[in-house]
Amino acid sequence: MTGAQRAARAERAAADTFPARMRKRWHRARVGLRKSGVDYFRGDGSDWVAFAGLLLLVPAITAGTLAIPVWFSPALLCLPVVAGGLLLRPASLLGLYAASAAALIIESVVLGPYQENAATVTPGVVLAVAACGFFGLLIAQFRSRVGVPWRRGGTMLFDLRERIRVQSKLPTLPVGWHREMALRPAGGQSFSGDFVCAARTNGGRTLEVVLTDVSGKGMGAASRALLLSGAFGGLLGSLPPHEFLPAANGYLLRQDWEEGFATSIHLALDLESGDYELLSAGHPPAVQLHAGMGRWEEKTAEGPLLGVYDGAQFDPVKGSLRPGDVLMLFTDGLVETSDRDIAEGIDRLTGEADRYVAGGFHGAAWHLIEAVAKDVNDDRALLLICRES
C-alpha cells in the first residue's frame, strides 16, 4: 500500500468518526431548519405549525367549556376559526372546521339542551361559528386564487409602498441648491396616485424630475402609479428630455386601461447655469419666485394628457433660476377643489409660500400642503427646488 493510499484511508477513517458524523448531521439539520424558516416567512412553506396549534386549541376550548361553561362559552370556538381564516390554506382550513364542528357536537351532547342551561350550545352560537367559518373560507380562497402569500400579504403591501417611496426620492444636489418633496395620499392612506421620478443626467450636470398624477385617487390609482413609476424611472435619463413625454404617452396607450390617462410635468434643470426647460402633459403650471422682483410667475407648457391619443406634441417653456429663486411643481389636488378653481388655488399657494421667502424654504413643502389643502380628499404632491443666494 502506497503512502497516498494510506493517507486516503486515514482521511476516510477520520471522516467516519462519531464527532464527524454528528457535525455533518448538525450541519444538515441547520441548513434544513434555515430553509424551512425562510419558506415559512415568505409564505412558501407548509402551514402545519399554525394548523397544529389551532387544532390543539379546539379541544382546549372544548375542555374549558365542559368544565366551566359559564366562563368558557361555546362561542369561543370562533377564535380558532377566525385565526384559521387568516393563517391557513383552504385545505387545512377545512380540517380545522371539521374539528370545530365535532367540538360543538360534543359540547351540545354533554351540556344538554340549551333550554335547561344558559351556558350551552344555542342555535346562535352555531350560527356565529358557521358565519366566521364561511367568511374565513372566502378570504382563504381569495388569497389562494390571487397568489398572495398566506402570511405575507400585509408585508407585500408594505414592500410596494416602500418601493414607491424609494423611487420618489430626490437625488442629492450640489452646494447652492435645495430640493424637497411632500406627498399626501387621499383619505390618509399609504398609497397615492401621485409620484415623482428624478435623476441626475448629463454627467450629473442636469437634474431631471417628472411629477405625475395618475387618474383616480388612493388605492384605485396606486397600482397604476406603481407600474408607471417603474416605467417612467426607466425612461428618465435614457432619452433626451424632448422625447420623454412622447415615450411615456406611447407606454400608456399600449396599456389600454379603461381609466388610463395621467398628467405629468417634466423638468430638465441645468445645475450649473440655472437654466431649465419644462414640458407638460395636461399638468397644472409650475410657479417660479423671482427673488429680485419679489413676485411669482406661472410657467405654463402646452401638451395634452398622457394616454389619450397617439402622436401628441409637447411644447416646452424655458426659464432660469437665479440665486434666491424658487420653483414649485405640484399636482391639481393641491390647488383645485370642487368649490375652488386652479387659479384661486395657485394664488392661495403662492400667498402661503410668501411666508417662507425671508427665512428660507427648508421644511416648507409639508407645511404648505397642511396650510393649503390639509383636508382635501385627493392625492396631493408638492416639489420645491430652490437656488440659494
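For a modelled paramagnetic label at Thr201, 7 Å from Cα along Cα-to-Cβ, the residues of the range 240-257 in reach, with backbone nitrogen under 14 Å, are 240-249. The accessible area of Ser92, taken with all protein chains in place and a 1.4 Å probe, comes to roughly 20 Å². For the range 348-389, the list of trypsin sites (Lys or Arg not before Pro) that fall in a loop by DSSP and count at most 10 other C-beta atoms within 10 angstrom reads Lys374. Extension gain, Arg21 to Ile342, is 107.9 nm, computed as 0.36 nm per intervening residue step minus the present C-alpha separation.
Between Glu302 and Leu239, the modelled label-to-label distance comes to 2.1 nm, taking each label 7 Å out from Cα in the direction of the beta carbon. In this calculation the C-beta distance from Ala91 to Arg28 is compared with R0 = 30 Å, giving a FRET efficiency of 0.55.
If you plug the beta carbon distance of Ala371 and Ala98 into 1/(1 + (r/R0)^6) with R0 = 45 Å, you get a FRET efficiency near 0.15.
Taking the Kirkwood radius as Rh and the Cα radius of gyration as Rg, the range 273-389 has a ratio of Rg/Rh equal to 0.98. Restricting the GluC sites (Glu not before Pro) of the range 167-260 to loop positions (DSSP other than H, G, I, E, B) with no more than 12 neighbouring Cβ atoms within 10 Å leaves Glu258, Glu259.
Spin-label pair His362-Val166: with each label point 7 Å from Cα along the Cα-Cβ axis, the two points sit 2.8 nm from one another.
The values are calculated or read from the model by the stated rules, or taken from the named source; none is laboratory data. Predicted, not measured: the structure shown is a model, and the values here were computed from it. Methodologically, a virtual Cβ is constructed for each residue, glycine included, from the backbone with ideal geometry; neighbour enumeration extends over all protein chains shown. Side chains are part of the model used for accessible areas, which takes the heavy atoms of the whole protein and leaves out ligands, DNA and RNA. Shrake-Rupley method; radii C 1.70, N 1.55, O 1.52, S 1.80 Å.
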